[in-house]
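What follows is one structure encoded as structure tokens, with my remarks underneath.
Just so you know, all these numbers are worked out from the coordinates, no wet-lab data involved. Given the structure is predicted, the values throughout are model-derived calculations rather than measurements. All Cβ positions, glycine included, derive from the backbone under ideal geometry; neighbour counts span all protein chains shown.
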Amino acid sequence: MKRPVRSALAASVALSVALSVALEVALAATGPVAAPAAEAFDAATLMRTLAKTRASRADFVEKKYLATLEQPIESSGELVYRAPSRLERRTVKPKPEVLIVDGDMLSVERGATRRSISLASYPEVAVFTDSIRATLGGDLAALARSYRVVVDGSAARWRISLLPSDARIAALVSRVTLDGHDASIDTIEVLQADGSRSVTSVRPRPDGAP
């Protein structure tokens with residue numbers, strides 16, 4: 001049976017907010033705090049750092065590369081995370097837009113129009129969002145159930161690759177690569193299953209929590 005257009009749109013929007021907010025804020029807003037010198041840097045070390053973040057705020061610039069366009073689509077704005085389950089992406093340019101995941105609900109605001117969608121209606125999106133929340137909560141065991149987590153480098157300069165092992169997530173995302181230093185992220189590259197690619201630069205706000 002052909003999937004309804006509304007379902008595909010919901011999946012696309014949920015993917016955008018979950019990736020752009022959860023991964024960017026989770027790893028960017030913790031700030032440049034180096035791991036202890038005596039502790040080897042690995043995924044578990046990073047997860048322990050993430051688990052300490054209860055609320056955070058960061059600015060972002062994202063470039064999306066689509067096969068149908070010669071030039072990337074650029075957007076910028078603000079990212080907000082509030083534990084345990086509220087994620088916000090507030091786009092300022094090119095057009096104002098607010099995407100919010102709070103609990104089981106996804107809300108989209110464009111101008112005076114607001115729509116809410118239950119993630120429970122889209123299991124493949126819900127399982128992806130839950131795995132991202134595992135990242136925010138520092139739950140490496142839960143994350144490893146959905147991804148193969150590969151860590152390279154050291155605390156001074158590292159790379160994390162998330163390769164979906166859950167077929168439902170793999171239908172949306174092929175790979176997520178995060179480059180950073182200490183406990184701060186610099187860039188995120190997301191390769192979606194349809195071949196589209198996005199590269200995001202993140203800058204934590206010095207004022208910290210919202």
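Things to note:
- Within the range 134-151, the only residue that satisfies the criterion of being among the charged types (D, E, K, R) and in contact (Cβ under 8 Å) with a residue 60 or more places away in the chain is ASP139.
- Of everything in the range 152-178 that is surrounded by fewer than 17 Cβ atoms within 10 Å (Cβ to Cβ), hydrophobic (A, V, I, L, M, F, W, C) and touching a residue at least 24 places away in the same chain (Cβ under 8 Å), the residue that is farthest from THR49 (Cα to Cα) is ALA171.
- Complete set of residues in the range 82-131 that are out of contact with any strand residue (DSSP E or B) (no Cβ under 8 Å at 6 or more places or on another chain), surrounded by 13 or more Cβ atoms within 10 Å (Cβ to Cβ) and within 21 Å of ARG57 (Cα to Cα): ASP130
- Qualifying positions in the range 128-155 - under 22 Å from VAL199 (Cβ atoms), of a type in the set (Gly, Ala, Ser) and not in a helix (DSSP H, G or I): GLY153
- The set of residues in the range 155-200 being among the acidic types (Asp, Glu) and under 12 Å from the mean Cα position of the chain (by Cα) consists of GLU189 alone.
- Any pair with Cβ under 9 angstrom, 6 or more apart, that starts in the range 122-133 at a residue that is under 13 Å from LEU87 (Cα atoms) and ends at one that is β-branched (Val, Ile, Thr) and in a helix (DSSP H, G or I): THR129/VAL17; ILE132/VAL21
- Residue list for the range 134-169, restricted to those being small (Gly, Ala, Ser) and closer than 19 Å to ARG86 by Cα: ALA134, GLY137, GLY138, ALA142
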